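Notes to accompany the following structure.
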Amino acid sequence: MTYVRRTAMLGAAGSVLTGALVAGALATPMASAKGRVPGGAAEAAGVRIAAARAAEAGIDWQDCPADWSLEKPIQCGYVTVPLDYAKPNGRTIKLAVDRIGNTGGAAERQGALIYNPGGPGGSGLKFPRRVTTKNPLWTKTSKAYDFVGFDPRGVGHSTAISCVDPQEYVKAPKADPVPDSEADKRAQRKLAKEYAQGCKERSGWMLPYLTTPNTARDIDVIRAALGEKKLNYLGVSYGTYIGGVYATLFPTHVRRMIVDSVVNPSREKIWYQANLDQDIAFETRWKDWTAWVAKNDATYHIGDTQAKVQKQWETLRAAAKKHPIGGVVGPAELVGFFQSAPYYDSSWAPVAAVWSAYLAGDEQRLVEAAGPDLSDTAGNIASENGNAVYTAVECVDAKWPSDWRTWDRDNTRLHRDYPFMTWANAWMNLPCATWGVPQRTPLEVGASKGLPTTLIVQSTRDAATPYDGAVELHKRLKGSRLITEKDAGSHGVTGLVNPCVNDRVDAYLLTGEVDGQDVTCGPHATPVPAAK
């Protein structure tokens, strides 16, 4: 999902974290925790109280802690929010935020632009670095806006959660996601149940409140703490679902909103069916990549047809299952590494180069790319935390099937035609079947009264968030405009060089102007093959 969307991480059940939402819910409404539903009157009153307090308190901006790796002039601080918005005077948690001021003069400033990269579980704190690293795609926008990032509740430098020991979490090799027998399935089910139990034991006090509506409420409190009357927001991947929920709860608080690579917000999709839909889309994009590898066989020497490249993948997978590469890279680790290619075009050449090197005899390069680094304590803590928040949010956001027969039937059927990601996604999300914390009714996303024009950006062949999600959100956010990048599939379109998209994003953020109708753009440039 994310994706940042974050990079792929191995899940506790020997599966793969896709970084951008792959989960689901049933359409049947159910009572939410304590009988409340997302967006209830108690929560609405609570967020008003919390926002008023935050507006009065502001943010005590300081130089960022050295271990956050955020260089000056980026500043960091905290915003305090209620754990439970229905009880605004009860227990509180802290949210880590950072910012960099607009690079233009005071007359050019249009406020703060708040960013979420996806997940659930992704950190947005790197967003201001688009200014310090002089990312050319954001030069115009940064003249007008302060760039503001934050760690959502449960994540990173905010009040964080954990489900397992981070060092245990990253150990490898993990079990092959594709089961050979009923015994394999039972083993994975046991791991998933143990993971759910671990989450409740280590972080149970916070789990009921790790929901998308609460994150949207947190953003409104951050907006108030920043002294902003209206929200400017950029959300990618799961960040688009946050944006849709925010637009539903706070339509009159929105000034500008861009959502990029869209989660389907339908209650029927959040989250179980979305996971199944993603399995199909990943297979499509996997074939796009393997066809590109075949086209560039003169560089990679993996196979000169898509079928031959696929056969090489199956051979590699089988060999790693029999004898894990370097003792640590089995099929689960291979999927965790190789999935970045169908996720992002920027990974096409690097992943192919590692594979090519392995076939030429360089095993260590693949081990370093796909295996764990047990010495990276901070990175392992972040990986475990990201997976914990991903699981917690999606498990609480919506009702999941609790009957194993449903999971077994659906994933067995899909795996026949879409084998690349299906079982890996299933095991990753299976803790939601035995979560042990009340699961809520998804918010009915949709807003028209008081909501200004929003901008939706989506590629047609996106694996993590299939195109239908953008179409669905477009219908629900009245007056929105949809920019479609046709015949492309990289996740996160606004971060790519495509003037047809980039110019419209700049125009919207700087002037509020959009085209009179939806726009279809051609694809961005196809990746250039590179052997290294």
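The values are calculated or read from the model by the stated rules, or taken from the named source; none is laboratory data. These numbers were taken from a predicted model, which means no experiment stands behind them. Note: ideal-geometry Cβ built from the backbone for every residue, glycine included; neighbour counts use all protein chains shown.
Worth a mention:
- When we screen Asp84, Asp98 for residues that are surrounded by 24 or more Cβ atoms within 10 Å (Cβ to Cβ), within 26 Å of the chain's Cα centre (by Cα) and farther than 16 Å from Gly239 by Cβ, the only hit is Asp98.
- Complete set of residues in segment 494-532 that are of a type in the set (Gly, Ala, Ser) and at pLDDT below 95: Ala530, Ala531
- Qualifying positions in segment 325-377 - among the small types (Gly, Ala, Ser) and in contact with a Pro (Cβ under 6 Å, 6 or more places away or on another chain): Gly330, Ala332, Ala349
- In summary, helices (runs of 4 or more DSSP H) completely within segment 113-211 and bearing 2 or more residues that are under 21 Å from the mean Cα position of the chain (by Cα) occur at 129-132, 166-169, 182-203.
- Contact map, segment 421-432: residues that are touching a residue at least 24 places away in the same chain (Cβ under 8 Å) paired with residues that are assigned to a loop (DSSP other than H, G, I, E, B) and among the aromatic types (Phe, Trp, Tyr), Cβ distance under 6 Å, separation 6+ or inter-chain. Pairs shown: Cys432/Trp400.
- In segment 397-447, the qualifying residues are those that are part of a helix (DSSP H, G or I) and among the small types (Gly, Ala, Ser), and the one that is nearest to Lys190 (Cα to Cα) is Ala433.
- Candidates are the residues of segment 475-532 that are among the β-branched types (Val, Ile, Thr) and under 16 Å from Val259 (Cβ atoms); the one that is surrounded by the fewest Cβ atoms within 10 Å (Cβ to Cβ) is Val519.
- Thr391 modelled with pLDDT of 95 or more, in contact with a helix residue (DSSP H, G or I) (Cβ under 8 Å, 6 or more places away or on another chain) and crowded, with 20+ Cβ neighbours inside 10 Å: yes
Residue-wise test of (1) of a type in the set (Ser, Thr, Tyr); (2) crowded, with 23+ Cβ neighbours inside 10 Å; (3) out of contact with any helix residue (DSSP H, G or I) (no Cβ under 8 Å at 6 or more places or on another chain); (4) closer than 20 Å to Arg267 by Cα.
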residue	(1), (2), (3), (4)
Arg409	no, no, yes, no
Asp417	no, no, no, no
Trp423	no, yes, no, no
Ala433	no, no, no, yes
Leu443	no, yes, no, yes
Gly446	no, no, no, yes
Thr460	yes, no, yes, no
Ala464	no, yes, no, yes
Tyr467	yes, no, yes, yes
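- For segment 341-368, the tally of residues that are within 30 Å of Thr494 (Cβ to Cβ) and either touching a strand residue (DSSP E or B) at 6+ places or on another chain (Cβ under 9 Å) or outside any helix (DSSP H, G or I) (or both) stands at 2.
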